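Following: one structure in structure tokens, then a few remarks.
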Amino acid sequence: MMRRALPPRLAAGLALAAAPQLWAAPAPGDLTVLNGLADIAEPPEPSAWPPNLWVLGLSLAALGLTTLILYHLWQRYQRRRPYRAALAELAEWERAAPSRSAGDAGATLTALLRRVALLHYPRDRVAPLSGTAFAAFLDEAMATPSFTQGPAADLLGDARYGVSAAGPVDCSRELALAARHWLDAHRDGAPRHV
């Protein structure tokens, strides 16, 4: 017996009836449907760079300001190098002064103060000064005269060439203190009132 062909409409209906239904709910406990799902896709982390233009501008301004401050601190450090060297030399002078003669100690301290003065004042103003005139010049920067009055005047003024120049230094501590105050006044340059 020969089979007859089904009409095309009926054949399509039978084929649909034989296919499993995809829209039907899975049986309880059946995880095959869950295994076919894709994992939750998280969005990417937001980029930290480039930030908005305000943050970028403020960052560049802060960097520039920091660079400028560091440059000025470096310049001040370099400018104060002679001051630090003079303080170290003054400390050495103060340590060695009691074992030296008054004339020798006075000449050494005068040379130290003259070198620092030449850094901050015109050469033609400082170079010709000696003795009492140089001590008066040193007092111009001080609030109270420390070099032309008291025991410092005998060591730095014209009296250091006299009879007492061969004796020991009696006022090394007072003179070192006056010299330190003078150096402090000239740490960043000559005082404005001079």
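The values are calculated or read from the model by the stated rules, or taken from the named source; none is laboratory data. Here the structure is a predicted model, which is why all the values come from computation and not from measurement. Here Cβ is always computed from backbone atoms with ideal geometry, including for glycine, and neighbour counts include all displayed protein chains.
If you go through region 88-104 one residue at a time, do you hit one that is among the hydrophobic types (A, V, I, L, M, F, W, C), within 20 Å of Ala153 (Cα to Cα) and touching a strand residue (DSSP E or B) at 6+ places or on another chain (Cβ under 8 Å)?
yes
Just for region 109-135: of the residues that are part of a helix (DSSP H, G or I) and more than 35 Å from the chain's Cα centre (by Cα), which one is farthest from Ser146 (Cα to Cα)?
Asp124
When you look at Ala97, is it among the hydrophobic types (A, V, I, L, M, F, W, C) and within 40 Å of the chain's Cα centre (by Cα), yes or no?
yes
Considering only residues that are of a type outside the set (Asp, Glu), under 42 Å from the mean Cα position of the chain (by Cα) and over 14 Å from Asp104 (Cβ atoms), look in region 158-181 and name the one that is modelled with the lowest pLDDT.
Cys171
Against the condition more than 16 Å from Ala178 (Cα to Cα), among the hydroxyl-bearing types (Ser, Thr, Tyr) and either out of contact with any Phe, Trp or Tyr (no Cβ under 8 Å at 6 or more places or on another chain) or surrounded by 10 or more Cβ atoms within 10 Å (Cβ to Cβ) (or both), how does Tyr71 come out, does it pass?
Taking the combined requirement at face value, the residue satisfies it.
Identify, please: which residue in region 92-108 is of a type in the set (Gly, Ala, Ser) and in a helix (DSSP H, G or I) and is, among those, farthest from Ala190 (Cα to Cα)? Give the steps one after another, and end with the answer.
Start the filter on region 92-108 by keeping residues that are of a type in the set (Gly, Ala, Ser), which leaves 96-97, 99, 101-103, 105-107.
Remaining after also requiring in a helix (DSSP H, G or I): 96-97, 99, 102-103, 105-107.
Numbers: Ala96: 28, Ala97: 27, Ser99: 32, Ala102: 28, Gly103: 28, Ala105: 25, Gly106: 23, Ala107: 23 Å.
Across region 92-108, the extreme among qualifying residues is Ser99.
Using the structure shown, decide if Asp139 is in a helix (DSSP H, G or I), of a type outside the set (A, V, I, L, M), out of contact with any Gly (no Cβ under 7 Å at 6 or more places or on another chain) and modelled with pLDDT of 90 or more. Talk me through it step by step, then tell me what you get.
Details: in a helix (DSSP H, G or I): yes; of a type outside the set (A, V, I, L, M): yes; out of contact with any Gly (no Cβ under 7 Å at 6 or more places or on another chain): yes; modelled with pLDDT of 90 or more: no.
No; evaluated as a whole, the condition is false for this residue.
Within the group Leu14, Leu6, which residue is farther than 30 Å from Asp188 by Cα, among the hydrophobic types (A, V, I, L, M, F, W, C), at pLDDT below 70 and part of a loop (DSSP other than H, G, I, E, B)?
Within the list Leu14, Leu6, the selection yields Leu6.
Hey, can you tell me all the residues within region 75-112 that are basic (Lys, Arg) and touching a residue at least 24 places away in the same chain (Cβ under 8 Å)?
Passing the criteria: Arg76, Arg79, Arg80, Arg100.
Which of the residues belonging to region 31-65 are in a loop (DSSP other than H, G, I, E, B) and among the polar types (S, T, N, Q)?
Ser47, Asn52
Considering (1) in a helix (DSSP H, G or I); (2) surrounded by 10 or more Cβ atoms within 10 Å (Cβ to Cβ), say which one Gln78 fails and leave the rest.
(2)
Filter region 93-135 down to the residues that are touching a Pro at 6+ places or on another chain (Cβ under 9 Å) and surrounded by fewer than 16 Cβ atoms within 10 Å (Cβ to Cβ), then identify the one that is nearest to Leu175 (Cα to Cα).
Applying the filter and picking the extreme gives Pro98.
Name, by its number, the condition in (1) surrounded by 11 or more Cβ atoms within 10 Å (Cβ to Cβ); (2) at pLDDT 80 or above that does not hold for Pro51.
Among (1) surrounded by 11 or more Cβ atoms within 10 Å (Cβ to Cβ); (2) at pLDDT 80 or above, the lone unmet condition for Pro51 is (2).
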